[in-house]
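The values are calculated or read from the model by the stated rules, or taken from the named source; none is laboratory data. As the structure is a prediction and not an experimental result, all values here were calculated from the model. Glycine also receives a Cβ, built like all others from the backbone with ideal geometry; neighbour counts cover every protein chain displayed. Heads up: the accessible areas ignore ligands, DNA and RNA and are worked out on the full protein's heavy atoms, side chains in. Shrake-Rupley method; radii C 1.70, N 1.55, O 1.52, S 1.80 Å.
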Amino acid sequence: MFAFIARQPILDREKDVFAYELIFRDGKGGAYPELAPEKAKFIAQHFHPLGLDDISGDKKSFIHFNPETLISRFPTSLNPESVIVQLNDPMTPSEGLLNACSHIKTLGFKIAIDDPLMMSVKHEIFPLIDIVKVDVTKTKYDLIERTIPPFLEANISVVAEQVNTHEDFDSCRSLGFDLFQGYFFSQPEARIQRHLPASKMNLVDLMGESSQHDFSIGRINQIIERDAALSFLLLKFINNPTVNKRYKITSLKHALTYMGEVEIKKFIALLSLANLSDDKPLELIHMSLVRAKFFDLLSQQRGMHTDPPVGFLIGLFSLLDALLDQDMPDVLKQLPLTDEVNDALLGKSNEFNSYLALTRAFEGALWMNIIQQSKVLNIDQKQLHALYNQAIQWGNGVRATISAYFPKPIMKKPTL
């Protein structure tokens, strides 16, 4: 179980998540941490720790191990079907490390090498590796183009790291990379001034209703009745065991009785966002979900009002520009949101600016920024980790419900 951790998505050529790289605050250089039993027990009791399944869901986990851990203290309780062992800078491996890697391979684990220089195929560790990761900001494209074919010919998958723009993604894909690590997908692809299509106006109306102080169940029913699929999906979301473990909800009125107005507003907003863009990576929706829950938990921790659930809505809508490929001001002109939500999404709220800075610190494993924002918000930094872990777990549960309604990639994903 782990409490102080960040994760970064690794996407395939179709922009579907293949794995997450896990970065541990307690481990040297972000590596797998080795905690004393007393400390591990204390963390488990106080800071909402997560197991690997909670962190990565049904995706694989890239975990960096220090050489001494691999040689003498490798945790054999890890599942080789879901964990990929990552080595950083293995240019001069010792005999002990080579032997350890050979043993780990016999256990069924795949080995990834994080090597910005793209090692020679003659390197002694080459026969043991399954994946090579390349920081494309530190390696020239002409060098990559010359050296990548031997890896592909040897059935070694190649991950492009630091892919931060859509142009980077297109270039790396054309070079032959299989997998891509970076937040390029959370950027607008091409900022276009356009109106939302008429087919999406029901969703726009629902988004507006979710942000209002007054709640009209008749108005919500009227909007949802225009589209039978929306009604079905709303009930599907509300019956997600992550949120509602006690009752089988059969109608919106039924949901209001058992869950309350605030929770219904959250799920109406979530339903709208999940269906607003048909051609974006599911991970972009997933990031929005985690942000929504984290902002909501932070708002509660800070003693802010929660009806309407402003923190939840701001986190959920914080990536609307990327979802709709428009600048945020142009998006908000088309949505009937409250001034409080609009101002926060435009960066005019110091409170929510801190929330966003904190979220980006977790997404990027920027530990010092987390410490800084903990002082700004007057929340213990370890407590912030606990809140973010809750948000990850919640987001995973909701994503499992949403994912069935997203189109599947046509191209075959790496199986590794």
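Here are a few things to note about the model shown:
- Filter pass, Asp330 being touching a residue at least 40 places away in the same chain (Cβ under 8 Å), part of a helix (DSSP H, G or I) and open to solvent by 20 Å² or more (accessible area, probe 1.4 Å): yes
- Residue pairs whose Cβ atoms lie under 9 Å apart, sitting 6 or more positions apart in sequence or on different chains, and linking a residue in segment 216-233 that is without any contact (Cβ under 8 Å) to a residue 24 or more places away in the chain to a partner that is of a type in the set (Gly, Ala, Ser) and surrounded by fewer than 12 Cβ atoms within 10 Å (Cβ to Cβ), are Gln222/Ser216.
- For segment 216-238, a residue qualifies if it is closer than 17 Å to Arg399 by Cα and either open to solvent by 40 Å² or more (accessible area, probe 1.4 Å) or of a type in the set (D, E, K, R) (or both), and the qualifying residues are Phe232, Leu235, Lys236.
- Any chance Met201 is open to solvent by 10 Å² or more (accessible area, probe 1.4 Å) and more than 23 Å from Val132 (Cβ to Cβ): yes
- Qualifying residue in segment 134-148 (condition: aromatic (Phe, Trp, Tyr) and open to solvent by less than 30 Å² (accessible area, probe 1.4 Å)): no
- Filter pass, His123 being modelled with pLDDT of 90 or more, over 24 Å from the mean Cα position of the chain (by Cα), surrounded by fewer than 17 Cβ atoms within 10 Å (Cβ to Cβ) and at negative phi: no
- Sole residue being modelled with pLDDT under 90, surrounded by fewer than 16 Cβ atoms within 10 Å (Cβ to Cβ) and in a loop (DSSP other than H, G, I, E, B), chosen from Lys348, Lys412: Lys412
- Residues that are part of a helix (DSSP H, G or I) and hydroxyl-bearing (Ser, Thr, Tyr) were ranked within segment 247-258; the one that is surrounded by the most Cβ atoms within 10 Å (Cβ to Cβ) is Tyr258.
- Selection status of Asp279, surrounded by fewer than 17 Cβ atoms within 10 Å (Cβ to Cβ), closer than 26 Å to Asn396 by Cβ and at pLDDT 75 or above: yes
- Residue, least open to solvent (accessible area, probe 1.4 Å), within segment 151-178, restricted to residues that are out of contact with any strand residue (DSSP E or B) (no Cβ under 9 Å at 6 or more places or on another chain) and acidic (Asp, Glu): Asp170
- Residue in segment 259-268 that is in a loop (DSSP other than H, G, I, E, B) and out of contact with any Phe, Trp or Tyr (no Cβ under 7 Å at 6 or more places or on another chain) present: yes
- Looking across segment 1-51, just one residue is acidic (Asp, Glu), part of a loop (DSSP other than H, G, I, E, B), surrounded by fewer than 17 Cβ atoms within 10 Å (Cβ to Cβ) and at pLDDT below 80, and that is Glu34.
- Of the residues screened, Leu298 is not one that is more than 19 Å from Leu230 (Cβ to Cβ) and surrounded by fewer than 21 Cβ atoms within 10 Å (Cβ to Cβ).
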